[in-house]
Amino acid sequence: MAQLIERVVSSGCVIGEAPLWVPEEQALYWTDTESYMIWSLRESDEGSEIRKWSISLPVTALMRRENGRFILVTKTGPAVWDPLSNTCELIANPLVEHPELSFNDGAVDRQGRLVTGTMNHVDHIREDGNLYQLDEHFTLKLMDSGLSVANGISFSPEGDTLYVSEQFKGRILAYDYDSDRGTLKHKRIFAEVPQEEGLPDGLVVDAEGYVWNARWGGGRIVRFSPEGRKVHEIIMPVPITACLAFGGESFHDIYVTTGCYGMDEAEKRKYPGSGDLYRIRDSFAGVIEPRFRG
């Protein structure tokens with residue numbers, strides 16, 4: 001059965017990333033990593049309200065804090081952001097002596113800690129990607145290393161499994177995650193991604209524990225069983241599908257961010273919705289993402 005894919009905001013992002021549903025606002029937030037921009041969409045019976053913030057740091061992911069503000073992952077490190085004053089403050093930058101490296105994606109665990117990844121943005125294939133954890137005291141610790149872009153980070157509903165897209169190895173990794181200690185073990189390959197399906201990018205896990213993955217350059221999103229078996233696929237109208245999130249009143253809406261990075265004018269004419277925000281209404285349901293405790 002074909003799903004209805006709606007283009008809900010013509011945002012034209014270079015790289016649209018990190019959609020986040022905020023239930024108390026009934027609003028979706030997302031970012032354009034290349035334009036130093038954060039967007040939000042709130043829909044009601046009166047119509048759609050679209051907001052934009054131009055900020056001082058290049059944001060690659062955003063999550064809600066317990067105080068109602070936001071914790072950001074920026075290319076230079078974790079930061080805090082207050083949308084009311086539109087102030088953005090960097091917390092830490094462990095990569096200051098490595099200009100070829102940058103932070104990329106992130107997710108909050110069930111104990112309210114941020115797990116975030118890095119990459120080599122000069123030579124993507126190099127195994128320079130690390131996983132870090134930021135606790136509520138803003139202490140940053142290294143969790144794992146040696147990844148070819150640590151991307152697409154998400155947790156199982158119980159919080160005991162961490163999934164990471166190792167983008168330029170074309171695979172999704174899984175780790176056993178000790179939520180009490182915040183430690184990793186039993187690193188393994190969860191799923192291999194065929195080259196013709198694009199590169200594994202953003203991840204989200206639904207209420208049944210199934211893993212959804214957006215495919216950079218593959219023009220699709222894919223659902224995996226908890227055992228790593230591909231069980232569902234939705235073909236998107238644009239090739240760069242970067243990230244996805246569940247939202248809506250009952251968490252049955254799938255929001256997909258896309259991009260136009262590296263596309264020439266002919267490709268943009270061929271795929272005119274590249275960089276826009278899409279929504280798919282389906283029978284699958286997501287979960288409320290945890291908040292950062294700091």
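No lab work stands behind these numbers, since they all come straight from the coordinates. None of the values given here were measured: they were computed from a predicted structure. For neighbour counting, all protein chains shown are included, and Cβ atoms are generated from backbone atoms with ideal geometry for every residue, glycine included.
Rounded to whole Å and sorted largest first, what semi-axes of the equivalent ellipsoid does the C-alpha gyration tensor of segment 133-218 yield via the square root of 5 times each eigenvalue?
Details: eigenvalues 105, 44, 26 Å².
Working through the eigenvalues yields semi-axes of 23, 15, 11 Å.
I need to check one value: relative contact order of the chain, counting alpha carbon pairs closer than 8 Å and at least 6 residues apart, in percent.
Details: 849 pairs, mean separation 54.1, N = 294.
Averaging sequence separation for qualifying contacts and normalising by length gives 18 percent for the chain.
I'd like the distance between the alpha-carbon centres of segment 58-110 and segment 226-294, rounded to an integer number of Å.
Comparing the Cα centres of segment 58-110 and segment 226-294, I get a distance of 21 Å.
In 5 Å bins starting at 0, how do the alpha-carbon pair distances of segment 142-294 split up by percent?
Final binned percentages: 2, 9, 19, 22, 20, 15, 9, 4, 1, 0, 0.
Could you list V211, V256 in order of exposure, starting from the residue whose Cβ has the fewest other Cβ atoms within 10 Å?
Details: V211 25, V256 28.
Placing the least packed residue first, the sequence is V211, V256.
In the neighborhood of S56, defined by Cβ-to-Cβ distances under 13 Å, what is the net charge if each Lys or Arg adds +1 and each Asp or Glu adds -1?
Details: positive: K75; negative: D82, E89.
Combined, the nearby Lys, Arg, Asp and Glu give -1.
If neighbour count is taken as other Cβ atoms inside 10 Å, put D206, D105 in order from fewest to most.
Result, fewest neighbours first: D206, D105.
With the crude spin-label approximation of a point 7 Å out along Cα→Cβ, what separation in nm comes out for E97 versus E136?
Between E97 and E136, the simple spin-label model gives 3.3 nm.
Reachable aspartates and glutamates from K169, Cα under 17 Å, same-chain residues fewer than 8 places away excluded?
D105, D123, E127, D128, D144, E192, E196, E197, D201
Give me the number: length gained by fully extending T183 to T87, i.e. 0.36 nm times residue separation minus the C-alpha to C-alpha distance, one decimal in nm.
Values: separation 96, 0.36 × 96 = 34.56 nm, distance 3.20 nm.
Here the segment from T183 to T87 would lengthen by 31.4 nm.
How much net charge surrounds W39 when only the other residues with a Cβ under 15 Å from the Cβ of W39 are counted, with Lys and Arg +1 and Asp and Glu -1? Display every interim value, and only then the final one.
Values: positive: R7, R42, R51, K52, R279; negative: E17, E25, D32, E34, E43, E49, D276.
Overall, the nearby charge balance is -2.
Quick one: among E249, E196, E17, which has the greatest mean-square fluctuation in a GNM of the chain with alpha-carbon springs under 10 angstrom?
Largest GNM mean-square fluctuation: E196.
Rg(Cα) of segment 1-88 divided by 2.2 N^0.38 Å? Please report the intermediate quantities before stating the final value.
Working: Rg = 13.5 Å, N = 88, 2.2 N^0.38 = 12.1 Å.
It is 1.12.
Sum up the charges of everything whose Cβ sits under 11 Å from the Cβ of R223, counting Lys and Arg as +1 and Asp and Glu as -1, but leave R223 out. Write down the numbers at each step before the final one.
On the way: positive: R220, R229, K230; negative: D206, E208, E233, D282.
Once positives and negatives cancel, what remains is -1.
Gaussian network model of the chain, Cα springs within a sub-10 Å range: biggest mean-square fluctuation belongs to which of E34, E136, E49?
The residue with the greatest mean-square fluctuation here is E49.
Take the chain, drop everything but the C-alpha atoms, weight them equally and run the Debye formula without solvent; then report log10 I(q)/I(0) at 0.11, 0.14, 0.15 Å⁻¹ to two decimals.
For the requested q values the scattering log ratios are -0.57, -0.98, -1.15.
Could you tell me the calculated FRET efficiency between R110 and R281, based on Cβ-Cβ distance and R0 = 25 angstrom, to the nearest 0.05?
Details: r = 28 Å, r/R0 = 1.10.
In this case the efficiency is close to 0.35.
Among Q167, Q195, Q133, which one shows the highest mean-square fluctuation when the chain is modelled as a Gaussian network with alpha-carbon springs under 10 Å?
For the chain, modelled as a Gaussian network with Cα springs under 10 Å, the answer is Q195.
If you stretched the chain out fully between I288 and S56, how much longer would it get, using 0.36 nm times the residue separation minus the C-alpha to C-alpha distance?
On the way: separation 232, 0.36 × 232 = 83.52 nm, distance 2.82 nm.
Between I288 and S56, full extension yields an extra 80.7 nm.
Is any residue of segment 165-205 close enough, with backbone N under 18 Å, to a label point placed 7 angstrom from the Cα of E127 along the Cα-Cβ axis, and if so, which?
165-175, 185-193
Would you mind listing how long segment 185-245 runs along its three principal axes, going by Cα atoms, in whole Å with the largest first?
Principal axes ranked by extent give 35, 24, 18 Å for the Cα atoms.
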